[in-house]
Amino acid sequence: MSINGWRGKRIRFNLTKGTWDVEETPYEYRRKWLGGRGYNSEVLYNNVPVDVDPLSPENVVCLGVGPLSGTFGPSTGRVTVTAKSPLTGGFGDSNMGGHWGAELKYAGYEQIILTGKAPKPSYIWIDDDKIEIRDGSHIWGKFPRDADAIIKEELGDKDIHIVTIGPAGENLVRFACTFNDCYRAAGRTGHGAVIGSKNIKAIAVRGTSGVKIAKPEEYYKICSDWRETMRTDPMAQGLFNFGSLILIMPCNYEMGWFPWKNLKYGYHPDARNISGEVWAKKHLRHKEGCFSCAICCGIVSEVREGKYAGDYTGGPEYEAAVPTGPRVGIIDSETTLHNAMLTNNYGMDAIEAGASISWAMECWEHGLLTSKDTGGIDLTWGNQEAVEQLLHDMTYRKGFGDILADGPWRASMKLGLGEEYLTVTRGMSLPGDDPRGLGFGYGLSFAVGTRGGCDHLRSLCCLELSGYLYPGLNMKIVGTEECSKPLTTIGKPKMVYWEENQKAFVDCLQVCCFNTHWSYGCRNEHLIPMINAVTGLDFTEEELMTIGERIYNLERAYWSKMLSGKHEDTVPKRFTHEPMPENPAASSGKVLPLDEMLPEYYRLRQYEPETGFPGDKRLRELGLEDIAEELKPYRKKYIDLHEGKKGAKPQQQPKKGK
Ligand code: SF4
């Protein structure tokens with residue numbers, strides 16, 4: 001049967017041996033896992049036992065794209081990167097834009113799987129069907145944008161696209177990230193360190209063949225209509241004009257979830273200093289969208305005057321700007337931009353980097369850390385010298401920075417202090433989104449997400465943020481318009497359940513969620529004809545949502561095997577027990593009523609009430625019979641663990657003092 005949409009091939013590298021195999025993905029596999037996140041999650045689950053050290057050669061890294069990648073479908077340029085997370089020890093993935101995903105498709109592949117460890121620093125060069133593992137010693141230690149330039153020069157083609165890691169990945173910082181096109185980051189869960197542990201610095205790709213589309217005229221019409229919709233969509237227009245920093249004004253002045261000082265506060269009178277509106281005037285150098293994007297939210301920013309004049313970097317997006325800005329007590333845009341440039345250059349997840357420093361600053365404020373612990377670094381809120389020093393020292397694993405390079409959760413365990421100031425779920429820090437103001441649906445999704453303290457690119461509970469702009473949408477999906485209000489629990493379990501499943505299949509198609517979840521300009525009724533026009537198949541909404549639910553359950557089952565379930569479905573006490581400090585916005589005095597929402601969420605997911613593990617019956621209905629069998633012994637282990645029975649221990653926890 002001829003294949004439309006997919007190329008039907010993936011490359012599995014054995015870096016230890018310096019070999020690779022090109023494998024075919026059969027029709028049944030494609031139909032079951034779709035692409036991108038689905039392929040990657042399946043490979044991780046079935047190839048990496050839960051007791052594998054994430055930084056050992058036994059871990060795998062998958063980079064996956066889907067059937068729409070490389071077509072003129074709007075905003076279909078995303079790439080999912082998946083590995084067992086060195087930050088959490090659990091299931092980890094993240095998602096980046098750029099042009100690399102389309103290029104991979106043109107080279108003929110949907111997925112790359114890295115296994116083993118190269119004997120020396122190397123990079124991979126995929127030139128259609130010519131594949132090489134090349135010496136990378138000369139680019140080891142370079143910032144991503146410099147490594148990108150050197151490889152292009154060396155290969156004599158400035159139009160190729162390259163995935164790179166930075167020095168943080170080489171030095172195994174547990175929250176190192178992965179970039180393509182210099183600045184498009186797959187930020188979370190630390191797979192940059194996993195790539196670094198395999199001695200791989202970069203993956204360069206050139207593809208020269210096309211993607212076959214079953215019904216090109218039909219597809220063209222659907223895509224043109226979608227682009228037209230985005231031209232007038234209010235959320236898309238806001239993103240185009242101001243990037244995701246457009247959030248700052250409503251988040252601070254109306255809703256009150258501005259992430260000030262380790263998410264203790266939700267408001268600051270000067271937040272507009274870093275708003276998208278101010279940023280566009282002071283710092284915008286040029287716009288830079290991802291492949292085939294219908295919105296083009298991407299920016300490159302520069303500092304024009306003052307101490308940091310001449311600095312420039314890609315973005316920063318909201319989640320890259322706030323962690324080493326307001327989260328650590330800094331409120332001016334020049335310093336915020338400078339710090340975002342540093343996290344990009346070093347190649348680290350800005351969220352976890354900022355969370356590590358802000359956690360340490362709060363410990364300092366309360367006298368738990370002193371200059372004796374920090375090697376003389378003064379961790380007073382807003383001390384830019386300390387922030388800059390720690391970003392450097394985390395990257396190169398020096399002094400107190402070496403401790404923070406493992407993330408705040410492990411740092412707290414190692415030092416035996418500051419647990420009360422962690423803003424962490426399942427080992428990963430929450431982003432700059434305080435659920436006491438942003439919304440209770442978000443709070444629920446942070447608690448139950450399948451990669452830890454999840455952010456805006458995962459379950460993405462935007463129906464409570466922008467759903468009201470699309471009349472009838474919440475009624476259709478959730479059955480009530482009440483759920484459009486962020487600070488209510490009404491309808492939130494169903495909203496989160498639906499968003500998680502839908503986002504999972506959207507991540508297989510690699511459509512940017514700013515089209516499908518932030519803006520709801522592109523919905524299932526648009527995506528289904530798209531995938532059918534490209535593949536020539538007959539997907540229904542039910543089938544696609546089932547694929548999403550299958551993926552979600554598989555990822556959850558990985559955590560179950562790590563004995564992480566119901567008792568870990570929580571968020572830091574800061575959000576459930578500390579009322580938001582008084583402010584002029586809606587969040588004042590609010591806490592997250594998480595316990596009101598969890599039982600209904602479990603019922604919808606058909607999770608077991610005693611363990612929170614995926615239910616046996618639902619797993620079988622989803623075609624995951626093997627997993628249903630495999631989980632059986634873990635259910636008893638989990639119950640024993642929480643009844644305090646001897647010998648029962650979770651596999652995820654780092655040990656105190658280690
Ligand atoms: S909306 Fe922004 S992040 Fe999404 S594909 Fe377009 S440029 Fe990339």
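The values are calculated or read from the model by the stated rules, or taken from the named source; none is laboratory data. Please read all numbers here as calculations on a predicted model, not as lab measurements. Neighbour counts are summed over all protein chains in view; Cβ atoms, including those assigned to glycine, are modelled from backbone coordinates with ideal geometry. Protein only, heavy atoms only, side chains kept; ligands, DNA and RNA dropped before computing areas. Shrake-Rupley method; radii C 1.70, N 1.55, O 1.52, S 1.80 Å.
For this structure, a couple of remarks:
- Yes/no for HIS517 being surrounded by fewer than 18 Cβ atoms within 10 Å (Cβ to Cβ) and of a type outside the set (A, V, I, L, M): no
- Every residue from region 153-163 that is assigned to a helix (DSSP H, G or I) and either under 23 Å from VAL61 (Cα atoms) or without any contact (Cβ under 8 Å) to a residue 40 or more places away in the chain (or both): GLU153, GLU154
- Out of ASP507, ASP455, ASP433, one residue alone is among the acidic types (Asp, Glu), surrounded by 21 or more Cβ atoms within 10 Å (Cβ to Cβ), at pLDDT 95 or above and under 28 Å from PHE91 (Cα atoms). It is ASP507.
- Selection of first residues in region 231-253 that are in contact (Cβ under 8 Å) with a residue 40 or more places away in the chain and of a type in the set (S, T, N, Q) and of second residues that are within 12 Å of the ligand (Cβ to nearest atom) and in a helix (DSSP H, G or I), restricted to Cβ pairs under 6 Å at least 6 apart or on distinct chains, gives the following pairs, ordered by first then second residue: SER244/TYR318.
- Residues of region 164-180 classified as within 16 Å of the ligand (Cβ to nearest atom) and either in a strand (DSSP E or B) or at pLDDT below 95 (or both), total: 3
- Pick from region 112-126, criterion open to solvent by less than 20 Å² (accessible area, probe 1.4 Å) and touching an Asp or Glu at 6+ places or on another chain (Cβ under 9 Å), ranking: farthest from the ligand (Cβ to nearest atom): GLY116
- Among the criteria (1) more than 30 Å from GLU419 (Cβ to Cβ); (2) away from the ligand (no atom under 16 Å from the Cβ), the one LEU263 does not fulfil is (1).
- For region 89-151, the strands (runs of 3 or more DSSP E) that sit wholly inside it and include 1 or more residues that are hydroxyl-bearing (Ser, Thr, Tyr) are 91-96, 111-115, 122-127.
- Total residues in region 534-585, condition aromatic (Phe, Trp, Tyr) and part of a loop (DSSP other than H, G, I, E, B): 1
- Here ALA186 clears all of (1) open to solvent by 10 Å² or more (accessible area, probe 1.4 Å); (2) in contact with a strand residue (DSSP E or B) (Cβ under 9 Å, 6 or more places away or on another chain) except the condition numbered (1).
- ASN273 vs. criteria among the polar types (S, T, N, Q) and either free of Cβ contacts under 8 Å to residues at least 60 places away in the same chain or open to solvent by less than 10 Å² (accessible area, probe 1.4 Å) (or both): no
- Of residues in region 521-533 being hydrophobic (A, V, I, L, M, F, W, C) and either more than 27 Å from the chain's Cα centre (by Cα) or not in a helix (DSSP H, G or I) (or both), the one surrounded by the fewest Cβ atoms within 10 Å (Cβ to Cβ): ALA533
- Restricting attention to region 90-111, the residues being under 26 Å from GLU352 (Cα atoms) and open to solvent by less than 10 Å² (accessible area, probe 1.4 Å) number 10.
- Strands (runs of 3 or more DSSP E) lying entirely in region 280-398 (those with 3 or more residues that are within 16 Å of the ligand (Cβ to nearest atom) and surrounded by fewer than 23 Cβ atoms within 10 Å (Cβ to Cβ)): 284-287
- Selected residue (only one of MET230, MET235, MET255 is more than 21 Å from ARG523 (Cβ to Cβ), surrounded by 16 or more Cβ atoms within 10 Å (Cβ to Cβ) and not basic (Lys, Arg)): MET255
- Positions within region 17-55 being part of a loop (DSSP other than H, G, I, E, B) and surrounded by 15 or more Cβ atoms within 10 Å (Cβ to Cβ), in sequence order: THR25, LEU34, GLY35, VAL48, VAL50, VAL52, PRO54, LEU55
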